[in-house]
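Here, each number is a calculation from the coordinates, and none is a lab measurement. Quantities reported herein were computed from a predicted structural model and do not represent experimental measurements.
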Amino acid sequence: MSYKFFVRNPRARHADGLSGRVQQLASQRPGLAVAAVLATGVLFGTGAGVAIGFANAQHSSARLAAQQQELEQVRRQSQQEINALAARLGELQAQANRLNALGERLTEAGQLEDGEFDFHGTPGQGGAGVARDMPRDELVAGLDEVQQQFEVSGRQLGVMESLLFDRQLENNALPVRSPVRRSYITSSFGNRADPFGRGRQFHKGIDFDANVGDPVMSVADGVVSFAGSRSGYGHTIEVDHGNGYVTRYAHNSRLTVKAGDLVRAGEQVAKAGSSGRSTGAHVHFEVWENGSVVNPRKFLTDGRAPVAKRTRG
């Protein structure tokens, strides 16, 4: 008896077995075979769909990250522009504050009435047009225009301040104030009856009522040119105001400045008294213009020197 050996490929045998089984299953139970084939297809299709969905999700995530990066860049650029506009706004506010302060000084120096110029309130505005969004370029152009207006106004107000300052210096050198606070004139300038009963006398100044020790003040800025006693005047102060005017304050009880001292308008130069040829405590005030004595009443503009019907020496 002879034997034959057959050698087969295991993979082929496995394939033949699977194929055979499928064929056998299809021949024996066709419905079940169709269901198996469909289930296999579904499994393959589901796997492919999951792979495609995962790829799409990765792509969407990458797009979202890119969009977020672009938005962040736009936000940073917008914030930089806002910061630049804020800096411009700060400069304009500083200029506005400077102009307001300058305007207030000019109002005070020019002796304008209260409320004539209000540097704190906002002027009223109006308009019936339709409002719209303002483009950035238009806003920047508007800020540039406002800054230019501020610069022009600042130069003009600076010139006005200089002129008013010069005028104030001139006014401070004029004998336009009263030498005694809260007083009145007791004897006027010109011819009068001699207070000591010796006939007529030419009075070279005006007399102000005062008590012994009341402060006697310089009526303008100047330099003390004399501080001492003069015949008939008693303890006397003379102030040279450097513009042709010299003022004299006489019959004092005590002098508080000396020759050569610089004095300002309203600064005390002596204490009132009754020294010299005097009948009682008062302040004798004279004004000399370019070497000639003049009536002081034409300079008194502060309205604080009413005249009384009394006479003193």
**Prompt:** Given H placed on each backbone N at 1.01 Å, which residues far from Asp214 in sequence or on other chains put an amide H within less than 5 Å of it?
**Reply:** Ala272
**5 angstrom amide H check on Asp194, placed H, neighbours 5+ away** = Gly199, Arg200, Gln201
**Prompt:** Sequence-distant or interchain residues sharing an amide H contact under 5 Å with Gly205, placed H: which?
**Reply:** Gly190
**Request:** Would you work out the relative contact order for the stretch 147-246, in percent, from Cα pairs under 8 angstrom that are 6 or more residues apart?
**Result:** 24 percent
**Asked** Whole-Hz Karplus ³J(HN,Hα) for the stretch 208-217, in order, using 6.51 cos²θ - 1.76 cosθ + 1.60 and θ = phi - 60°, x for Gly and Pro?
**Response** 10, 5, 7, 9, 4, x, 4, x, 9, 10
